[in-house]
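One structure is given below, encoded as C-alpha cells.
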Amino acid sequence: MKPYPLGMTPELALAWAELGIPIELLQSRHLTLFAEATELIDVAESDDGRIWQLIPAAAAAWQKMQRAAWQDGVDLQIASAYRASTRQVALIQRKLTAGVLIDDVLQVLAPPGCSEHHTGRAVDIFTPGGPVVTEEFEYMPAFTWLNSHAAEFGFSLSFPRNNRYGYVYEPWHWCWEEKNSLK
C-alpha cells in the first residue's frame, strides 16, 4: 500500500477513492491539501437561513472590506464561505448522481480537502440582484471594486482564467491570507 500524500487522512483517501478521484491529481493539478478550520465565527446569514462562517481573522478582514465597499456604493454579500470536507463530498456526489463525469465536476468543485472553503478563509461574493457564482460576476461593479481594493484587506482572486489548478474561471471566489493584508 502506498503512503498517503502529506495531509491526506485515511478518511479523505477513502472519500477520493469512492468518488473516483485519483490521488495523482494532487500533483498533476498543483493542488494543496488544506487543514479544516476549527475556530469559526458567524459573519452572515443567507436569505434561506444558512449561516456563513469564517475564521476570526478572515471574518474581521471581510467585515472591514464589506464596509469599505459599502462606503463606495458597492454591496458585497456572501454566497458561500466555510464548507466542511464532508459537505464537499456531498456536493460532488450530487453532481455524479446527476450524470456529470468526475473530470467535469473537478473543474467546478475542488476535491475534498483541497477546497479553500475548508480553511474558513474563502468567500464566494455576489451583489444583490446580480449573478451568483457565475462568470458574469466579472461585469459587475463589485468585481471592479474587488480588483482595485480586495488586496488592501488581504483578499485575492483564487482562480483567474487559465489557472494552473484546472478550475474554471471564478471571478466570485476570493480568499484571505494574513500575509496579504495591508490594513
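Can you pull out the helices (runs of 4 or more DSSP H) entirely within the stretch 1-99 that have at least 1 residues that are touching a Leu at 6+ places or on another chain (Cβ under 6 Å), without any contact (Cβ under 8 Å) to a residue 12 or more places away in the chain and farther than 16 Å from Pro111 by Cα? Working first, answer last.
Details: elements: 10-19, 25-28, 56-71, 85-97.
Passing ranges, in order: 56-71.
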Only one of (1) more than 19 Å from Glu170 (Cβ to Cβ); (2) surrounded by 18 or more Cβ atoms within 10 Å (Cβ to Cβ) is not met by Trp70, so which one is it?
(2)
Inside the stretch 103-155, can you point out the residues that are assigned to a strand (DSSP E or B) and open to solvent by 30 Å² or more (accessible area, probe 1.4 Å)?
Phe126
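Got a number for residues in the stretch 156-176 being open to solvent by less than 60 Å² (accessible area, probe 1.4 Å) and either of a type in the set (D, E, K, R) or part of a loop (DSSP other than H, G, I, E, B) (or both)? Even if it seems obvious, please write down each step before you answer.
Quick first cut of the stretch 156-176, residues open to solvent by less than 60 Å² (accessible area, probe 1.4 Å) only: 156-160, 163, 166-176.
The next check asks that each one be either of a type in the set (D, E, K, R) or part of a loop (DSSP other than H, G, I, E, B) (or both); those that pass are 158-160, 163, 166-172.
Qualifying residue count, the stretch 156-176: 11.
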Hits in the stretch 21-40 - residues which are among the aliphatic types (A, V, I, L, M), within 29 Å of Ala59 (Cα to Cα) and open to solvent by less than 70 Å² (accessible area, probe 1.4 Å):
Leu26, Leu31, Leu33, Ala37, Leu40
State all residues of the stretch 49-65 that are crowded, with 19+ Cβ neighbours inside 10 Å and closer than 14 Å to Glu152 by Cβ; if no residue qualifies, say none.
Ala61, Trp62, Met65
Under 6 Å between Cβ atoms, which residue pairs at least 6 apart in sequence (or on different chains) link something in the stretch 160-178 that is closer than 13 Å to Ala110 by Cβ with a partner that is of a type in the set (Asp, Glu) and open to solvent by less than 20 Å² (accessible area, probe 1.4 Å)?
His173/Asp124
Test for Lys179: is it modelled with pLDDT under 95 and closer than 14 Å to Met65 by Cβ:
no
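Determine whether Arg50 is of a type in the set (D, E, K, R) and either closer than 26 Å to Asn163 by Cβ or in contact with an Asp or Glu (Cβ under 6 Å, 6 or more places away or on another chain) (or both).
Numbers: of a type in the set (D, E, K, R): yes; either closer than 26 Å to Asn163 by Cβ or in contact with an Asp or Glu (Cβ under 6 Å, 6 or more places away or on another chain) (or both): no.
No: the conditions fail for Arg50.
The values are calculated or read from the model by the stated rules, or taken from the named source; none is laboratory data. Nothing here was measured: the structure is a model prediction, and the numbers come from that model. As a convention, Cβ positions derive from the backbone with ideal geometry for all residues, glycine included, and neighbour counts pool all protein chains shown. Side chains are part of the model used for accessible areas, which takes the heavy atoms of the whole protein and leaves out ligands, DNA and RNA. Shrake-Rupley method; radii C 1.70, N 1.55, O 1.52, S 1.80 Å.
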